Amino acid sequence: MSNTEEVFVGSIDQGTTSSRFLIFNKEGEPVAVHQEEFTQIYPNPGWHEHDPEEIVRSVENCIEGAIKIFEKDGHSKSSIKAIGITNQRETTVVWDVTTGQALHNAIVWTDTRTAAIARDLKAQPKSDQVLNICGEPISSYPSSTKLLWLLKNVEKVRQVYEAGNLAFGTIDTWLAYKLNGGSDKNVFVSDPTNASRTMFMDIRTLKYSDAMLDFLSYEFDLRKVHMPKIVKSADTKAYGELSSGPLKGFPIMGCLGDQSAALVGQKGFEAGSAKNTYGTGCFLLYNTGEKPVISTHGLLTTVAFDFGEKPVYALEGSIAVAGSGVKFLMNNLGFSHASHKITELAETVPDNGGLVFVTAFSGLFAPYWIDDAHGTMFGITHHTERGHIARATLEAVCFQTKAILDAMEKDSGHKLTELAVDGGMSNSGLCMQTQADLVGIPIVRPKMRETTALGAAIAAGFASGVWKNFEELKNVNTAGQTQFDSKIDVKARNKMFRKWEKAVQMCRGWLAEEAEEEGDEAAAKDIRQGIEKDKHENLEKVDSVMTSA
């Protein structure tokens, strides 16, 4: 490749609410993009599904749309050297290996229908060993519980399983499989950043864990399920090539789960670097280097990327509701038809007016892991306005981010010096200033915030030789960044956070009464015991915060 040759990398960005295809130049700038939303399916409260075939069609449409823009601007598609994939994680697809057809809607990562399965797993022998093996606590979040639910509740899935033909995959696996032509080519792979979200993979060896397969096979023998081969995040051959469309024959050479991709896109290559992505949910990743750190403070241990001889790991804190909280105000409460208007509405009031909104629509994720929490507002008075609700919705994400950051500092033993941010909600200056106020360190927002898609492009670019090392990327996407610094003192920060922690204590227990009404006294007892345990731990946490102040 000559130094003067114009080269590009394509990036499939398959998210929770939309798919996109972006084309980046060697400077990391997007030169063409096409986006398409797809259907969100909510069959029951707490359930969230996608049509797997519609996801594939949306990706194919985006590739076609972006290529039209790319060529219209005078570029040649032959200058695209490779394609990367980044995807929503945990979302689970099952299909028949003989036909390549999906057997059920995909169960989305936000779905909470598996809470009862998670409770059953917690009661199994050796459940206390799970976190140390796979890096994930038992909850409704990982893909494994979704697979178990499908086996238990969907007759078609169970029949194909009994015939020995059931394939399981997350969205990265499903896309690589379908974009390569399905059962004809049978490209059946996953990268470690996605495989680490299933509970099936040993976080140290990056191979499927016999101990986890034994533990999770308490009702079904999961060794009978076809699972994808785990390959490196950047690979010249493993991910195959597109079988149709305007880029037919073009190679797929990289794959990263969306939050790992955002860390790579933010160039968080060194241990101690961190990023927070404010998307549908909110995800904070802290690079811990080449050894996994198993959290003792409610965080996940995940793979950041696997490009070379050794994988790089991260601690992760996951928040279920971020941008989806803004959408809730827009779609369910009719606050506005544009997300930026929510920030404008929040700016009409000087503060939250004493209102705290725990946006636990799908339970609370890290560092609390309260599956039975429901969304609750506290502090409503006759003076509460729509602006206060809008402000409290933005603040909910910032409070949870602070809780995660505190946990990361305890697990890692290091205090973060700055936090890189991206995602839709990072466009809100008010939200980012609130975040800086609460965490007390600079918040750094890049001008070009397509960092998740850029991360997938970097993975494919490394494999294809567009970039050869991290040093070549050090100046990518550095111009025009914005820094937010804290404007409040420690006392004010801790007072705000103490009120949030009190609200978290009060938001759980909703499912206990439902369990009692359904006659499940054991489940109700477990929930109530968990409430008392968490209440005690949270009170200790608040006392610690106030003592340190």
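The values are calculated or read from the model by the stated rules, or taken from the named source; none is laboratory data. This structure is a prediction, so every number in the text was calculated from the model and none was measured. All Cβ positions, glycine included, derive from the backbone under ideal geometry; neighbour counts span all protein chains shown. We work out accessible area using only protein heavy atoms, side chains counted, and drop any ligands, DNA or RNA first. Shrake-Rupley method; radii C 1.70, N 1.55, O 1.52, S 1.80 Å.
If contacts are Cα pairs under 8 angstrom and at least 6 residues apart, what is the relative contact order of segment 1-125 in percent? Don't jump to the answer; show the numbers that get you there.
On the way: 209 pairs, mean separation 34.0, N = 125.
Computed value for segment 1-125: 27 percent relative contact order.
Place the peptides 140-152, 487-499, 16-28 in order of packing, highest mean first, counting for every residue the other Cβ atoms within 10 Å and averaging per peptide.
140-152, 16-28, 487-499
Helix-only mean residue ellipticity at 222 nm, the chain, DSSP H runs n ≥ 4 weighted -39,500 (n - 2.57), per residue, nearest 500. What is it?
Result for the chain, helices only: -11500 deg cm²/dmol.
Can you compute the modelled spin-label distance between GLU290 and ASN132, with each label point 7 Å from Cα toward Cβ, in nm?
Inter-label distance under the simple model: 2.5 nm.
Just need the relative contact order of segment 418-499 here, percent rounded to a whole number, with Cα pairs under 8 Å and 6+ apart.
It rounds to 40 percent for segment 418-499.
I need the Kirkwood Rh of segment 4-142: take the reciprocal of the average 1/r across all distinct C-alpha pairs and report it in angstrom.
Details: mean 1/r = 0.0568 Å⁻¹.
Computed over segment 4-142, the radius equals 17.6 Å.
Would you mind checking the pairs LYS68/LYS229; LYS248/LYS275; LYS224/LYS248; LYS81/LYS474; LYS178/LYS229 and listing those with alpha carbons more than 25 angstrom apart?
Violating the 25 Å Cα-Cα cut-off are LYS68/LYS229; LYS248/LYS275; LYS224/LYS248.
Short version: what are the Cα gyration tensor semi-axes of segment 260-381, square root of 5 times each eigenvalue, largest first, in whole Å? Each step should come with its number before you reach the end.
Numbers: eigenvalues 218, 59, 29 Å².
Computed over segment 260-381, the values are 33, 17, 12 Å.
Can you work out the Karplus-derived ³J(HN,Hα) for every residue in segment 274-280? Use 6.51 cos²θ - 1.76 cosθ + 1.60 with θ = phi - 60°, whole Hz, and x for glycine or proline.
8, 9, 10, 9, 9, x, 4
Over the Cα atoms of segment 204-263, how large are the radius of gyration and the largest Cα-Cα distance (Dmax), in Å?
When restricted to Cα atoms, segment 204-263 yields Rg and Dmax of 16.0, 46 Å.
Given a Förster distance of 25 angstrom, what is the FRET efficiency for ALA123 paired with ALA492, based on the Cβ-Cβ distance and rounded to 0.05?
Plugging the Cβ-Cβ distance into 1/(1 + (r/R0)^6) gives 0.05.
Of all beta bridges DSSP finds with both residues in the chain, what is the antiparallel percent, to the nearest 5? Spell out each step's value before the answer.
Working: 51 of 72 bridges.
Bridges in the chain that DSSP calls antiparallel: roughly 70 percent.
Please report, in whole Å, how far the alpha carbons of segment 396-480 spread along each principal axis, starting with the longest.
Taking the Cα atoms of segment 396-480, the three principal extents are 41, 31, 19 Å.
Which far-off residues, 5 or more places away or on another chain, put their amide H under 5 Å from the one on PHE305, with H placed in the peptide plane?
The answer is VAL312.
Can you list residues whose amide H is under 5 Å from PHE361's amide H, if they're 5+ apart or on another chain and H is modeled 1.01 Å from N?
Correct list: GLY375.
Using the Karplus curve 6.51 cos²θ - 1.76 cosθ + 1.60 with θ = phi - 60°, work out ³J(HN,Hα) for each residue of segment 367-379 in order, rounded to whole Hz, and write x for Gly and Pro.
With coefficients 6.51, -1.76 and 1.60, one gets x, 8, 6, 10, 5, 9, 7, 10, x, 9, 10, 10, x Hz.
Of ILE294, ILE171, which has the most accessible area and how do the rest follow, probe 1.4 Å?
ILE294, ILE171
Suppose all protein chains stay in the model; what accessible area per residue would a 1.4 Å probe give for the chain, in Å²?
40 Å²
Where in the chain are the DSSP H helices whose C-alpha atoms run 20 Å or more along the long axis and whose mean Kyte hydropathy is at least -0.5?
Sorted by number, the helices that extend far enough and score high enough are 52-72, 386-412.
Counting only C-alpha contacts under 8 Å and six or more residues apart, can you give the relative contact order of the chain as a whole percent?
This gives 14 percent for the chain.
Calculate the tail of P(r) for segment 307-354: the fraction of all Cα-Cα distances greater than 14 Å, expressed in %.
Considering segment 307-354, 65 percent of its Cα-Cα pairs are separated by more than 14 Å.
Given all pairs of different Cα atoms, what value in angstroms does the Kirkwood hydrodynamic radius of segment 141-226 take? Can you show the working numbers first?
Values: mean 1/r = 0.0735 Å⁻¹.
Kirkwood hydrodynamic radius for segment 141-226: 13.6 Å.
Under a 5 Å amide H to amide H cut-off, with H placed in plane at 1.01 Å, what residues pair with VAL7 once short-range neighbours are removed?
LYS26
When you take every Cα atom in segment 171-327, what is the radius of gyration, and what is Dmax, the widest Cα pair distance, in Å?
For segment 171-327, the Cα radius of gyration and maximum Cα-Cα distance read 16.6, 49 Å.
If you take the C-alpha gyration tensor of segment 100-143, multiply each eigenvalue by 5 and take the square root, what semi-axes do you get, largest first, in whole Å?
24, 12, 10
Averaging over every viewing direction, what projected area does the convex hull of the Cα atoms of segment 310-417 cover, in nm²?
Its Cα hull, projected and averaged over all orientations, spans 9.1 nm².
Ignoring solvent entirely, what values of log10 I(q)/I(0) come out of the Debye formula for segment 354-439 at 0.23 Å⁻¹ when each Cα is a single scatterer?
One equal scatterer on each Cα of segment 354-439 leads to -1.23.
Given segment 70-111, what whole percent of its Cα pairs are spread farther than 13 Å?
Cα-Cα pairs in segment 70-111 separated by more than 13 Å: 71 percent.
Give me the Debye-computed log₁₀ of I(q)/I(0) at q = 0.10 Å⁻¹ for the chain, equal point scatterers on Cα only, no solvent, two decimals.
Taken in order of the listed q values, log10 I(q)/I(0) reads -0.79.
Note down the nm distance, to one decimal, between modelled labels 7 Å out along Cα→Cβ at ASN332 and at ARG223.
Taking the simple label geometry, ASN332 and ARG223 are separated by 4.4 nm.
For the peptides 447-460, 263-276, 382-395, what is the packing order when you average, over each peptide's residues, the other Cβ atoms within 10 Å and list the highest mean first? Intermediate results must be reported in sequence, preceding the final value.
Working: 447-460: 27.6, 263-276: 23.9, 382-395: 20.5.
Answer by packing, highest mean first, reads 447-460, 263-276, 382-395.
Using a probe of 1.4 angstrom, how much of the accessible area of the chain is carbon and sulfur, in percent? Write out the running numbers ahead of the final one.
Values: 10550 of 21750 Å².
Answer for the chain: carbon and sulfur cover 48 percent of the accessible area.
Ordered by packing density, taken as the mean number of other Cβ atoms within 10 Å over each peptide's residues, highest first, how do 280-287, 401-408 rank?
Answer by packing, highest mean first, reads 280-287, 401-408.
Give me the orientation-averaged projected area of the Cα convex hull of segment 434-507, in nm², one decimal.
7.6 nm²
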